[in-house]
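The values are calculated or read from the model by the stated rules, or taken from the named source; none is laboratory data. What you see is a predicted model, and the numbers here were worked out from it, not measured in a lab. Heads up, the Cβs are rebuilt from the backbone with ideal geometry, glycines too, and the neighbour counts pull from every protein chain shown. Just the protein is used for accessible areas: all its heavy atoms, side chains included, with ligands, DNA and RNA removed. Shrake-Rupley method; radii C 1.70, N 1.55, O 1.52, S 1.80 Å.
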Amino acid sequence: MNQKLQSCAVTISDLSFSYDSQVVLTDVNLEVHPFDSICVVGPNGGGKTTLIKLILGLLTPDTGTVRVFDKKPEEARLRIGYVPQYAQYDPQFPISVLEVVCMGRLGRSFTGRYSRQDREQAMKSLAETGLADIAARPFTFISGGQRQRVLIARALACGGDILILDEPTANIDHESELQFFDLLTKLNKRMTIFMVTHEVGFASTFFKRVACVNKQVMIHPTSALTGDLIREMYGGDLQMIRHDHCCSGEGHSHD
Amino acid sequence: MTEFISAVFDPTMPFFRYALLTGIFASLPFGIIGTFVVVRRISYIAGAISHCVLGGIGLGLYLEKAMGITWFGPMTGAVLAALLAAVILTLVSHHARQREDSVIGALWAVGMATGLLFIARTPGYVDPMSYLFGNILLVSKGDFLFVLALDVVVLGLVGIFYHKFLAVCFDEEFARLRGMRTGWIYLLLLCLTALTIVLLVRVVGIVMVIALLTLPAAVAGNFSRNIFQMMLLAVLFCAAFVVLGLGVSFGLDLPSGPIIIVIAAIVYLFTLLGGRVMTALKK
């Protein structure tokens, strides 16, 4: 049992959380294994962002526990690369792409100065996300899709083992979305991917498992949706989430 | 203009030289801290701190004149009140998420009220107008030394913690996740803001603090690609506004504080309009 716990990237057991008296999450049990790729779907206000904040240790559960690599979230934070929604940033903030990515290297020195290794690591992350040539550009002058990738590069510069993304595909076009899932597929070889999306019906075939959050967390099976019509509609193959049906923590799909 | 220059070198008018030097050297903290205030969008907090300064000034005057405690003057009171307000506002921003603006508003008014009450109980006539609207021509040698000390403190601390201040302004939550103690950095930023505001009160007065703190930085923001450029430009713009304002106020025989603010506002308006025209032309 102990061995199994240690091998888990994120373990949530019997968790509940409420803001003031409003219950947001209740009876949540979730295990995320290393190199897992899990998509968390659910309606707005269903508790998706709250779930992320609990895993990051920004919020404390009322009951139950959250463990990240068998440690408290506050202690394991540095192993998590967090990608918030890019729309939350001040569109007029004067800062370059490289300066944003360098923030992934913060917390390594008392004064916050970046060493040469820090800058090299930041440039490497930018190259990995295909943004090396716009490193000097102002963050405000680039497209939404590019901003999203800058935030992923920042999370990669942290050098963690888990990548947590909050609605990264909101407001980006299909071209960018395809590129985005190519990148995730590459990253999934060395990192655990935990992504939240407001899409309720469909999830990319990239994900091994889908969890639905609406106060409670359910692991749902998925049905592959292929065919020319869907491809035309969404620009790629998808899997349909079967909200009518629950399955074990491992998840499964009907092909 | 020649009259203005001769006034600067007139040995019988030392106050004018002090005013000019104070204005130029004070532009350093005004521009640097003003940049942080603008990008972090905390000009309301700066306003609350500046109004709390009157409470400190009132207490200082009261202790000095009514209680005979001479070492505790209005300046000491102003510094203490500003720092206290910074501590309270830091606590509020980290613990009372929804009600932050109410607390800021309350602090704003209570600071003023306390100051006026202390002044009412202070023997002799004290004109609160000089604190509300300031007068750079009244700065003393002591004020000038305060400016130099603040230059050293602001340049030193911002130089050392530049990246941490930047991180707290851009994305405080992410900085916290990287193990940074963001609460302390934010407190340090507000304390530097508080000290800068005490100085600003001397130059343009409590009511116009926000304008001289934010307008140079807002103008600079239109021409800057990063925070460092913005600070540099804000310092230059601020110095230009103060020197130009002093010159114009001397020439027209009008109070300097309002003239400085009006000049800053006109330049800001023109940069905004210029920016609009430029984007329209590009299309």
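Side notes on the structure shown:
- One residue alone among A:THR169, A:THR197 is modelled with pLDDT under 90, touching a strand residue (DSSP E or B) at 6+ places or on another chain (Cβ under 8 Å) and open to solvent by 10 Å² or more (accessible area, probe 1.4 Å), and that residue is A:THR169.
- Matching residues, region A:25-43, being open to solvent by 10 Å² or more (accessible area, probe 1.4 Å), over 16 Å from A:ILE162 (Cα atoms) and out of contact with any Lys or Arg (no Cβ under 7 Å at 6 or more places or on another chain): A:ASP27, A:ASN29, A:PRO43
- Residue selected from region A:103-143 under the condition closer than 15 Å to B:GLY179 by Cβ and in a helix (DSSP H, G or I), by the criterion nearest to the other protein chains (Cβ to nearest Cβ): A:MET103
One line per residue, one yes/no per condition, for (1) touching a residue at least 60 places away in the same chain (Cβ under 8 Å); (2) aromatic (Phe, Trp, Tyr); (3) on the phi > 0 side of the Ramachandran plot; (4) touching a Pro at 6+ places or on another chain (Cβ under 6 Å):
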| site | (1), (2), (3), (4) |
| --- | --- |
| A:MET103 | no, no, no, no |
| A:SER109 | no, no, no, no |
| A:ARG116 | no, no, no, no |
| A:GLN121 | no, no, no, no |
| A:ALA127 | no, no, no, no |
| A:ALA132 | no, no, no, no |
| A:PHE139 | no, yes, no, no |
| A:SER143 | no, no, no, no |
| A:ARG147 | yes, no, no, no |
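- Residue satisfying all of: in region A:154-174; assigned to a helix (DSSP H, G or I) and within 29 Å of A:GLY46 (Cβ to Cβ); farthest from the chain's Cα centre (by Cα) among these: A:HIS174
- Within region B:26-68, considering residues that are over 25 Å from B:ASP127 (Cβ atoms) and not in a helix (DSSP H, G or I), the one most open to solvent (accessible area, probe 1.4 Å): B:ARG41
- Any chance A:LEU151 is touching a residue at least 24 places away in the same chain (Cβ under 8 Å), closer than 18 Å to B:ALA167 by Cα and either open to solvent by 20 Å² or more (accessible area, probe 1.4 Å) or more than 12 Å from chain B (Cβ to nearest Cβ) (or both): no
- Test result for A:GLN22, closer than 19 Å to A:ASP166 by Cα, surrounded by fewer than 16 Cβ atoms within 10 Å (Cβ to Cβ) and among the polar types (S, T, N, Q): no
- Looking across B:THR214, B:THR193, one residue alone is open to solvent by less than 50 Å² (accessible area, probe 1.4 Å), within 14 Å of chain A (Cβ to nearest Cβ) and not charged (D, E, K, R). It is B:THR214.
- A:THR11 meets all of the listed conditions (1) in contact with a helix residue (DSSP H, G or I) (Cβ under 7 Å, 6 or more places away or on another chain); (2) assigned to a strand (DSSP E or B); (3) in contact (Cβ under 8 Å) with a residue 60 or more places away in the chain but one, namely (3).
- Among the criteria (1) under 21 Å from the mean Cα position of the chain (by Cα); (2) open to solvent by less than 80 Å² (accessible area, probe 1.4 Å); (3) without any contact (Cβ under 8 Å) to a residue 40 or more places away in the chain, the one B:MET129 does not fulfil is (2).
- Residue in region B:5-12 that is under 27 Å from B:ALA264 (Cβ atoms) and touching a residue at least 40 places away in the same chain (Cβ under 8 Å) present: yes
- B:ILE197 in contact with a helix residue (DSSP H, G or I) (Cβ under 9 Å, 6 or more places away or on another chain), assigned to a helix (DSSP H, G or I) and within 27 Å of B:PHE165 (Cα to Cα): yes
- Verdict on A:SER125 being open to solvent by less than 70 Å² (accessible area, probe 1.4 Å) and under 25 Å from A:THR192 (Cβ atoms): yes
- Considering residues of region B:77-105 that are modelled with pLDDT of 90 or more and open to solvent by 50 Å² or more (accessible area, probe 1.4 Å) only, the residue farthest from B:GLY142 (Cα to Cα): B:LEU91
- Sole exception among (1) open to solvent by less than 30 Å² (accessible area, probe 1.4 Å); (2) assigned to a helix (DSSP H, G or I); (3) within 14 Å of chain A (Cβ to nearest Cβ) for B:MET180, by number: (2)
- Candidates in region A:76-97 are the residues that are more than 10 Å from chain B (Cβ to nearest Cβ) and free of Cβ contacts under 8 Å to residues at least 60 places away in the same chain; of these, the one that is farthest from B:PHE36 (Cα to Cα) is A:ALA76.
- Among the residues of region B:137-170, those that are open to solvent by less than 40 Å² (accessible area, probe 1.4 Å), in contact with a Leu (Cβ under 9 Å, 6 or more places away or on another chain) and within 14 Å of chain A (Cβ to nearest Cβ) comprise B:VAL158, B:PHE161, B:HIS163, B:LYS164, B:PHE165, B:ALA167, B:VAL168, B:CYS169.
- Any hit, region B:266-283, residues being away from every other protein chain (no Cβ under 13 Å), open to solvent by less than 40 Å² (accessible area, probe 1.4 Å) and modelled with pLDDT of 95 or more: no
Residue by residue, here is whether (1) more than 30 Å from B:ALA167 (Cα to Cα); (2) modelled with pLDDT under 90 holds:
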{"residue": "A:ASP14", "(1), (2)": "yes, yes"}
{"residue": "A:TYR19", "(1), (2)": "no, yes"}
{"residue": "A:ASP36", "(1), (2)": "yes, yes"}
{"residue": "A:VAL41", "(1), (2)": "yes, yes"}
{"residue": "A:GLY45", "(1), (2)": "no, yes"}
{"residue": "A:LEU56", "(1), (2)": "no, no"}
{"residue": "A:VAL68", "(1), (2)": "no, no"}
{"residue": "A:PRO94", "(1), (2)": "no, no"}
{"residue": "A:CYS102", "(1), (2)": "no, no"}
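- For A:ASP90, the conditions (1) assigned to a loop (DSSP other than H, G, I, E, B); (2) among the acidic types (Asp, Glu); (3) open to solvent by 70 Å² or more (accessible area, probe 1.4 Å) all hold with the exception of (3).
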